[in-house]
Amino acid sequence: MVFNSLVFLVFFGVVYSLYRRLPHRGQNILLLVASYFFYGWWDWRFLSLILLSTTVDFISGWIIGHAQPHQRRRRVALCVSVTVDLSVLGFFKYFNFFAENLAGLLQQMGVAASIPLLHIILPVGISFYTFQTMSYTLDIYRGQLRPTRNFLDFATFVAFFPQLVAGPIERAAHLLPQIQKPRTVTREGIESGAWLIAWGLFKKCVIADNLAVMVDGVFNGGASTGAVALLALYAFAFQILCDFSGYSDIARGLGRLMGVDLMVNFNNPYFALNPKDFWARWHISLSSWLRDYLYIPLGGNRKGLRRMYINLVLTMLLGGLWHGAAWTFVIWGAFHGLLLVAYHAWSDRFSVKGAADSGRWLWLRRAWMFHLVCLGWLFFRADSLGQVANMLRQIFGNFAWNAEAANMLATLLLLCLPLWLVQLLQVKTRDLLAPAGLSLVPRTALYAVMILMFLALGNTGGGAFIYFQF
């Protein structure tokens, strides 16, 4: 069941109608049942994995929070929580990847090896809810959170359907209190929620799904020239932005309709000035999770520059591996890790403030950062390192303009124009909800353009979101 489908529209209509009529406890029971139904729509068998993580982390969190004098007991409970969570994630997501690479390594060493591969179906959203439940026990162990006594509340926090499958990856300190306390649905919440849902669906169904046709045609069938390859790369940059941020916007909008505030997961990342700024804007819930639970525990920047650089690369390597069991994702993570190292090394040696933050330098820095991100997207989207090398050879060795490239550029400009206009408004006002607060005439014009484009170009087939595979 996906947000951009008629089935979900009916599902949410029924759930929301009941939700508005129930008291707080009844709402939580409804949310939990609806969330399990929503997730079980893909494959009911995978509900057992959510129940396992929920039960183990609830019990572990309770033990950690109530065994203060017994540090050994607390450490054991934390180890059980982390081990179970990572074992489930590792088996379903990485078993075949490591088995294949281990067999290849042994064969290169002259050892005959035949490691059987398993036919494993990757449970949708497992990376997201695993990190969400694991952060709960880690925060309790650190003394930053008290364990909840109510299993229903905790299970609802874990499985809350708007953000269950592709985030944002919520922290218990932010979302759990909203589950535990009575919620109020306000007019402002309904209006801003409606805008977020409409804008998210527009980005997904009009921009991302149409760009996907262009991108898949080149990556699956080959590029005729370097110009076509480069435009396909630009198209993928905006496809993945609109696809993923569209999901996050819809999730936030659904939450607001129910009186729940989900965290902002994207803040116009292609306006970033440097690698650090990019990761403060892109997939914020994951980048902040990696910072708080991996980078800082590794030592962060507290043990000298060399150790900081190593920590940055290790964090981004694991961030790349989180996205998928393939060397292309690992290299994508390493690439961003090296970008962060280069940025910190440069900013430690030279000043990057002052004139560089104004006028044309500001836009030059944004353009430079955008192209570095696009280079990274090539590793992310490519099926193999050989495809990466072929496309780079075309871009830098056979950059010829032809009719196909002209058509791709026109399509890209047409589809992305509303996106760019809205982003400029958001950046200028520093308010991601600024379009919903426009005066009547510009707001009406914006909605009219969105409706016309949706009627003419919108994909109503309910295509899956890119990040469902992670």
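The table below lists the values:
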item	result
Per-region count, region 217-268, residues buried (at least 24 other Cβ atoms within 10 Å of the Cβ), of a type in the set (S, T, N, Q) and closer than 17 Å to residue 378 by Cβ	1
In region 195-218, the residues that are more than 19 Å from residue 419 (Cβ to Cβ) and out of contact with any helix residue (DSSP H, G or I) (no Cβ under 6 Å at 6 or more places or on another chain)	216, 217
Residues located in region 387-433, provided they are β-branched (Val, Ile, Thr), buried (at least 16 other Cβ atoms within 10 Å of the Cβ) and within 24 Å of residue 269 (Cα to Cα)	388, 411, 422
Number of the exception - residue 31 against (1) of a type in the set (A, V, I, L, M, F, W, C); (2) under 30 Å from residue 142 (Cβ atoms); (3) loosely packed, with under 14 Cβ neighbours inside 10 Å; (4) at pLDDT 95 or above	(3)
Enumeration of residues in region 362-411 that are among the aromatic types (Phe, Trp, Tyr) and either without any contact (Cβ under 8 Å) to a residue 12 or more places away in the chain or not in a loop (DSSP other than H, G, I, E, B) (or both)	363, 368, 370, 377, 379, 380, 396
Residue in region 281-290 that is open to solvent by 30 Å² or more (accessible area, probe 1.4 Å), at pLDDT 95 or above and part of a loop (DSSP other than H, G, I, E, B) present	yes
Cross-chain or 6+ apart pairs with Cβ under 8 Å, region 264-283 first and under 18 Å from residue 343 (Cβ atoms) and among the small types (Gly, Ala, Ser), then open to solvent by 10 Å² or more (accessible area, probe 1.4 Å) and in a loop (DSSP other than H, G, I, E, B)	272/280; 272/281; 280/267
Scope region 434-470; condition among the hydroxyl-bearing types (Ser, Thr, Tyr), modelled with pLDDT under 85 and surrounded by 15 or more Cβ atoms within 10 Å (Cβ to Cβ); matching residues	467
Enumeration of residues in region 132-152 that are in contact (Cβ under 8 Å) with a residue 60 or more places away in the chain, part of a helix (DSSP H, G or I) and crowded, with 20+ Cβ neighbours inside 10 Å	133, 134, 135, 136, 137, 138, 140
So residue 92, is it of a type in the set (Phe, Trp, Tyr), at pLDDT 80 or above and not in a loop (DSSP other than H, G, I, E, B)	yes
Filtered residue count, region 311-331, keeping only those that are open to solvent by 50 Å² or more (accessible area, probe 1.4 Å) and at pLDDT below 90	1
Qualifying residues in region 105-131 (those that are part of a helix (DSSP H, G or I) and surrounded by 12 or more Cβ atoms within 10 Å (Cβ to Cβ)) - the one modelled with the lowest pLDDT	106
Residues of region 158-198 satisfying the condition of being open to solvent by 10 Å² or more (accessible area, probe 1.4 Å) and in a helix (DSSP H, G or I)	173, 174, 177, 178, 180, 187, 188, 190, 191, 194, 197, 198
Region 291-310, residues that are under 26 Å from residue 129 (Cβ atoms) and either crowded, with 16+ Cβ neighbours inside 10 Å or in contact (Cβ under 8 Å) with a residue 12 or more places away in the chain (or both)	291, 292, 293, 294, 295, 298
Sole exception among (1) at pLDDT 95 or above; (2) outside any helix (DSSP H, G or I); (3) not polar (S, T, N, Q) for residue 223, by number	(1)
Members of region 268-280 that are under 12 Å from residue 365 (Cβ atoms) and either outside any helix (DSSP H, G or I) or under 14 Å from the mean Cα position of the chain (by Cα) (or both)	272, 273, 274, 278
Selection count where residues are over 23 Å from the mean Cα position of the chain (by Cα) and of a type in the set (Asp, Glu), scope region 222-260	0
Selected residue (only one of 58, 91, 95 is open to solvent by 40 Å² or more (accessible area, probe 1.4 Å) and within 18 Å of residue 131 (Cα to Cα))	91
Those residues of region 61-88 which are open to solvent by 70 Å² or more (accessible area, probe 1.4 Å), closer than 15 Å to residue 136 by Cα and basic (Lys, Arg), in sequence order	75
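The values are calculated or read from the model by the stated rules, or taken from the named source; none is laboratory data. Remember, predicted model here, so these are calculated numbers, not experimental data. All Cβ positions, even for glycine, are placed from backbone atoms using ideal geometry, and neighbour counts span all protein chains on display. With ligands, DNA and RNA removed, areas are computed over all heavy atoms of the protein, side chains included. Shrake-Rupley method; radii C 1.70, N 1.55, O 1.52, S 1.80 Å.
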